[in-house]
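**Student:** Supplied in structure tokens, the structure appears directly below.
The values are calculated or read from the model by the stated rules, or taken from the named source; none is laboratory data. Because the structure is a prediction, the values reported are computed rather than measured. Heads up, the Cβs are rebuilt from the backbone with ideal geometry, glycines too, and the neighbour counts pull from every protein chain shown.
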Amino acid sequence: MSDDLDGVAGYMERAKSQALENVEHVAEGVAAETLPEGKLFEIAQSIGDKRLEELNVADTTCGYCAVGCRFDLYSDGEEILAARPTDEEDAPVNGISTCVKGKFGYDFINSDDRLTTPLVRDANGEFREATWDEALSRVVEGLGSIKDEHGGEALSMIASSKATNEDNYLMGKFARQVLETNSIDNCNRLCHSSTVAGLAQTYGYGAASISTEDLELADCILLTGSNTTEAHPVLATRIKQNVRDGADLVVFDPREVQIAEYATQYSRVKPGYDAVWINGITRYIIENDLYDEEFVANRTTGFEDVREAVQEFTPERVEEVTGVPHEEIVSAAETIAEADSCVFGWTLGLTEHSHGTENVIAMGNLAAITGNLGKPGAGVSPFRGQNNVQGGGGDMGPLPDNFPGYQDIADDEIRAKFEDAWDCEISPEYGYYTTQMFLAADDDDVRGMYIVGENAAVSEPGVNHAEEVLENLDFLVVQDLFVNETAQYADVVLPACSFVEKTGTFTNTDRTVQMVKQVMEPKGDSRPDWKILQDLANRMGRDWNYDSTAEIMEEVNSLTPLYGGVTHERVEAEGGLQWPCWDEDHPGTERLYEEEFNTDDGKANLQGIGYSEPAETPDDEYPFTLTTGRVLYQYHTGTMTHREEGIMQYMPSDFIEIHPDTAANYGIEGGDMVTVESRRGEIVVPAQVTDRVGPENVFVPIHFAESAVNQLTDEEHLDPAAATPEFKVSAVNISPYEGESEPIRTPDFEASTGDD
């Protein structure tokens, strides 16, 4: 048995050595520099000092981004001791690869401020600990009184893309059956809802059409609005390995993100005009007869509408509007058209706009006219951010307009099916999207909220407005791991479990449903989300009697055709299943649209997309365009990563990237504190002087409540189809901070990417 222990410890040391040979395993080398000195060896030794049979070991799916990496977690019952990649056949997406967060980011589980007991607000406005019975009784009273007086439509619920599929299914059921409201939504509204809307209109499914392995099979990859190396490191590794084997990589982005260093072509674009340059490429391909005539004729409709719509996007106009020279449009167009297969990948740089759905439709047109759908190494791939935003944020139906499996609540037949299964009446009227909930609260149309695993006080656009709404609600329930910024406004805070403390499934960015297994007992009196919801539902007059999340999944597949063949038993035995999986004899769907599209006529329904621009453009008062995004060493609003000592030593605050010419003009040096002001607010952050951004643009990450960049963003101008906010374009001014401060160190460009 000691040999096994040595093997685990030895594996970690060998993985560290392999970091020099494999780009992905740089996580080991970086961790050695950024985590407290010697922590790697302490982890290895801590395993070596224990007998293996004394440890809990479970193969599970990562709880950070939606790549869907799988690995074994080792625990002594009190803390996570190590994350070790599982067998490659059991990890279809990552093999033996992991990123720095998935490998080391577990200190949050045992953080001193972990919420382990329910909290209720007393008469003096202060939190005090409470029993579960008291806390749940307060929730029943608070939500119930609003429903009784104003109707269920005065209540709203924000579900969690970090929770399991089973948890999220019950959140949707709880909203509609128990609260009697369709106003349930999730963080997908703030990121990829325009992807879902655009792809659903064009192809039928609002999801990636490819499998992850297609990133290594493609002859060409077009990436836009994706800081892949920092936001999705394991996917970036696959892309870079493919490029090193000869594939072309074309990157369009306002920032010269690290993945652009590997690109065959990098083009800097002006933020907010993506449909313009995409249409410019499409026009060139059509005008020069480079499109796939057979595919267009047999498998699409609307081609002539596209041909007509792109005529206005001449080389001169595209260059004038986007800043991309004509020869770069030509080069990208010819590279895509000449490739035997091409994957079109994007993240929030394409979607978080007031016209994000149009951007996605334009990209869908380009993929279709070049015939890059339904074959190996070809397709569309929106890289999802939260670990379960594909499954929990969409597939399971915590949405104001869809039941699980994207079944329209306005469809009488579908609605009747769920009314029968759930024994309730459901309104055919769509509820509020998340962004609309906060606007509706201004008019008292929403009076109570139940927020699960989402830090809306930091993540919503125009957070000053969001905080005002949260403070003035009649009743707010927050269910989370910590008393985060949102929970500070709550009347009741319920302690939930992390993904290492429960069992269920996540669905990753390529539609693969994978197991999540409990490796530790819940901390203190915290409970899994599904058990909290079941207790509340029963206290509010329902009769839920689920014994396990496997049983919940059985109810999911009985009502959701896309998941018809998905069971815990099959997922466990087969190492994951990709939807659509129609029944228990169906193998799952590796690649969408091989024979037909999920549309009424089975064809891709192309649409002509015209000119659009941001809702707010720079002017003399606010001359710069601010865009926001992620960095490698933090995760979303920092609820998890801010509690990892090594990560915080390396990335202790947000910062602003400023071009050297701009910095010189304003007398700003690296590390200086800078005031960033928009029409909605201002923040103060340290400067990072870099040519990653252009002279007219600045960039600030999203990860810190202290600086809260969303004080600057706009909550009013939303995508008309998807209600996505315009996070990626805000007009701002910058100036040296006038208060007293010392320059602080910010990570340099090379180190912050996490690559050697």
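**Student:** Name the single residue, out of those in region 242-260 being assigned to a helix (DSSP H, G or I), of a type outside the set (Gly, Ala, Ser) and without any contact (Cβ under 8 Å) to a residue 40 or more places away in the chain, that is surrounded by the most Cβ atoms within 10 Å (Cβ to Cβ). Outline the logic, then answer.
**Tutor:** Taking region 242-260 and keeping what is assigned to a helix (DSSP H, G or I), we get 242-244, 258-260.
Remaining after also requiring of a type outside the set (Gly, Ala, Ser): 242-244, 258-259.
Filter once more, so that each one left must be without any contact (Cβ under 8 Å) to a residue 40 or more places away in the chain: 242-244, 259.
Working: ASN242: 23, VAL243: 17, ARG244: 10, ILE259: 28.
The selected residue is ILE259.
**Student:** Condition test on ALA159, is it hydrophobic (A, V, I, L, M, F, W, C), surrounded by fewer than 23 Cβ atoms within 10 Å (Cβ to Cβ) and modelled with pLDDT of 90 or more? Spell out how you get there, then give the answer.
**Tutor:** Details: hydrophobic (A, V, I, L, M, F, W, C): yes; surrounded by fewer than 23 Cβ atoms within 10 Å (Cβ to Cβ): no; modelled with pLDDT of 90 or more: yes.
The answer is no for ALA159.
**Student:** Taking THR567 and the conditions (1) touching a helix residue (DSSP H, G or I) at 6+ places or on another chain (Cβ under 7 Å); (2) in contact (Cβ under 8 Å) with a residue 60 or more places away in the chain; (3) of a type in the set (S, T, N, Q), which numbered condition does it fall short on, given that it satisfies the others?
**Tutor:** Exception for THR567: condition (2).
**Student:** Restricted to region 171-196, and to residues that are among the aliphatic types (A, V, I, L, M) and assigned to a helix (DSSP H, G or I), which residue is nearest to TRP346 (Cα to Cα)? Walk me through it before giving the result.
**Tutor:** Our first condition is that a residue be among the aliphatic types (A, V, I, L, M); within region 171-196, this holds for 171, 175, 178-179, 184, 190, 196.
Now drop any that are not assigned to a helix (DSSP H, G or I), which leaves 171, 175, 178-179, 190, 196.
Details: MET171: 29, ALA175: 32, VAL178: 37, LEU179: 36, LEU190: 15, VAL196: 13 Å.
Result: VAL196.
**Student:** Name the residues in region 113-131 that are under 15 Å from ASN484 (Cβ atoms) and without any contact (Cβ under 8 Å) to a residue 24 or more places away in the chain, would you?
**Tutor:** none
**Student:** Since PHE597 meets every condition but one in (1) surrounded by 17 or more Cβ atoms within 10 Å (Cβ to Cβ); (2) of a type outside the set (Lys, Arg); (3) part of a helix (DSSP H, G or I), which condition does it not meet?
**Tutor:** All conditions pass for PHE597, except number (3).
Yes/no matrix, rows are residues, columns are (1) closer than 30 Å to ARG542 by Cβ; (2) surrounded by fewer than 17 Cβ atoms within 10 Å (Cβ to Cβ); (3) touching a Cys at 6+ places or on another chain (Cβ under 7 Å):
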residue	(1), (2), (3)
ASP72	no, no, no
SER75	no, no, no
ARG84	no, no, no
GLY95	no, no, no
PRO118	yes, no, no
ALA135	yes, no, no
GLU141	yes, yes, no
GLY144	yes, no, no
GLY151	yes, yes, no
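**Student:** Of ALA207, ALA247, which residue is closer than 24 Å to GLU352 by Cα and among the small types (Gly, Ala, Ser)? Lay out the reasoning, then the answer.
**Tutor:** Numbers: ALA247 fails: closer than 24 Å to GLU352 by Cα.
The conditions single out ALA207.
**Student:** Would you pick out the residues in region 351-385 that are among the basic types (Lys, Arg) and within 18 Å of the chain's Cα centre (by Cα)? Full working, then the answer.
**Tutor:** First, pick out the residues of region 351-385 that are among the basic types (Lys, Arg): 375, 384.
Residue satisfying the conditions is ARG384 alone.
**Student:** Another question about this same structure. For region 639-690, give me each residue that is farther than 27 Å from SER459 by Cβ and touching a helix residue (DSSP H, G or I) at 6+ places or on another chain (Cβ under 6 Å). Lay out the reasoning, then the answer.
**Tutor:** Taking region 639-690 first, the residues farther than 27 Å from SER459 by Cβ are 659-672, 689.
The answer is VAL689, and nothing else.
**Student:** Another question, then. Looking for whichever is of a type in the set (A, V, I, L, M, F, W, C), crowded, with 24+ Cβ neighbours inside 10 Å and not assigned by TED's automatic domain parsing to the domain that holds GLU468 here; the options are MET363, MET396. Which one fits?
**Tutor:** Among MET363, MET396, only MET363 is of a type in the set (A, V, I, L, M, F, W, C), crowded, with 24+ Cβ neighbours inside 10 Å and not assigned by TED's automatic domain parsing to the domain that holds GLU468.
**Student:** So, GLY151, is that one at positive phi and out of contact with any His (no Cβ under 9 Å at 6 or more places or on another chain) or not? Steps first, answer last, please.
**Tutor:** Working: at positive phi: yes; out of contact with any His (no Cβ under 9 Å at 6 or more places or on another chain): yes.
Yes; evaluated as a whole, the condition is true for this residue.
**Student:** Given the condition in a loop (DSSP other than H, G, I, E, B), among the polar types (S, T, N, Q) and either modelled with pLDDT under 95 or in contact with a His (Cβ under 9 Å, 6 or more places away or on another chain) (or both), answer yes or no: does some residue in region 346-365 qualify?
**Tutor:** Going residue by residue through region 346-365, those that are in a loop (DSSP other than H, G, I, E, B) are 347, 352-355.
Restricting the remaining residues to those that are among the polar types (S, T, N, Q) gives 347, 354.
If we keep only those that are either modelled with pLDDT under 95 or in contact with a His (Cβ under 9 Å, 6 or more places away or on another chain) (or both) as well, we get 347, 354.
For region 346-365, residues in a loop (DSSP other than H, G, I, E, B), among the polar types (S, T, N, Q) and either modelled with pLDDT under 95 or in contact with a His (Cβ under 9 Å, 6 or more places away or on another chain) (or both): present.
**Student:** Please go through region 689-726 and pick out each residue that is of a type in the set (Ser, Thr, Tyr) and surrounded by 21 or more Cβ atoms within 10 Å (Cβ to Cβ).
**Tutor:** Passing the criteria: SER707, THR713, THR724.
**Student:** Yes or no: ALA604 more than 25 Å from the chain's Cα centre (by Cα), among the aliphatic types (A, V, I, L, M) and within 26 Å of ALA91 (Cβ to Cβ)?
**Tutor:** On the way: more than 25 Å from the chain's Cα centre (by Cα): yes; among the aliphatic types (A, V, I, L, M): yes; within 26 Å of ALA91 (Cβ to Cβ): no.
It is false that ALA604 is more than 25 Å from the chain's Cα centre (by Cα), among the aliphatic types (A, V, I, L, M) and within 26 Å of ALA91 (Cβ to Cβ).
**Student:** Can you name the strands (runs of 3 or more DSSP E) wholly within region 611-681 that have at least 1 residues being modelled with pLDDT of 80 or more and of a type in the set (Ser, Thr, Tyr)? Before you say what the answer is, go through the steps one by one.
**Tutor:** On the way: elements: 624-629, 656-658, 673-677.
Fully inside region 611-681 and qualifying: 624-629, 673-677.
**Student:** Right, something else. Across region 502-545, which residue is surrounded by the fewest Cβ atoms within 10 Å (Cβ to Cβ) among those that are free of Cβ contacts under 8 Å to residues at least 40 places away in the same chain and farther than 19 Å from GLY144 by Cα?
**Tutor:** ASN545
**Student:** Just checking, which of PHE475, PHE506, PHE499 is in contact with a helix residue (DSSP H, G or I) (Cβ under 8 Å, 6 or more places away or on another chain) and under 30 Å from VAL380 (Cβ atoms)? If you could, list the steps in order and put the result at the bottom.
**Tutor:** Working: PHE475 fails: under 30 Å from VAL380 (Cβ atoms); PHE499 fails: in contact with a helix residue (DSSP H, G or I) (Cβ under 8 Å, 6 or more places away or on another chain).
Selected residue: PHE506, the only one of PHE475, PHE506, PHE499 that is in contact with a helix residue (DSSP H, G or I) (Cβ under 8 Å, 6 or more places away or on another chain) and under 30 Å from VAL380 (Cβ atoms).
**Student:** Anything in region 57-93 that is assigned to a loop (DSSP other than H, G, I, E, B) and of a type in the set (A, V, I, L, M, F, W, C)? List them, or say none.
**Tutor:** If we filter region 57-93 for residues that are assigned to a loop (DSSP other than H, G, I, E, B), which is where we start, we get 62-64, 66-69, 76-79, 86-87, 91-93.
Of everything in region 57-93, those that are assigned to a loop (DSSP other than H, G, I, E, B) and of a type in the set (A, V, I, L, M, F, W, C) turn out to be CYS62, ALA66, VAL67, CYS69, ALA91, VAL93.
**Student:** Listed residues GLU521, GLU569, GLU485; which is among the acidic types (Asp, Glu) and in a helix (DSSP H, G or I)? Don't jump to the end; show me each part of the working.
**Tutor:** Numbers: GLU521 fails: in a helix (DSSP H, G or I); GLU485 fails: in a helix (DSSP H, G or I).
Testing whether each residue is among the acidic types (Asp, Glu) and in a helix (DSSP H, G or I) leaves just GLU569.
**Student:** Pick from GLY377, GLY397: which is in contact with a helix residue (DSSP H, G or I) (Cβ under 7 Å, 6 or more places away or on another chain), part of a loop (DSSP other than H, G, I, E, B) and modelled with pLDDT under 95?
**Tutor:** On the way: GLY377 fails: modelled with pLDDT under 95.
Being in contact with a helix residue (DSSP H, G or I) (Cβ under 7 Å, 6 or more places away or on another chain), part of a loop (DSSP other than H, G, I, E, B) and modelled with pLDDT under 95 holds for just one of GLY377, GLY397, which is GLY397.
**Student:** Give the residues of region 404-416 that are touching a helix residue (DSSP H, G or I) at 6+ places or on another chain (Cβ under 8 Å) and either surrounded by 15 or more Cβ atoms within 10 Å (Cβ to Cβ) or at pLDDT below 95 (or both), sorted by residue number. Spell out the reasoning first.
**Tutor:** Just the residues of region 404-416 that are touching a helix residue (DSSP H, G or I) at 6+ places or on another chain (Cβ under 8 Å), to begin with: 404-409.
Hits for region 404-416 are PRO404, GLY405, TYR406, GLN407, ILE409.
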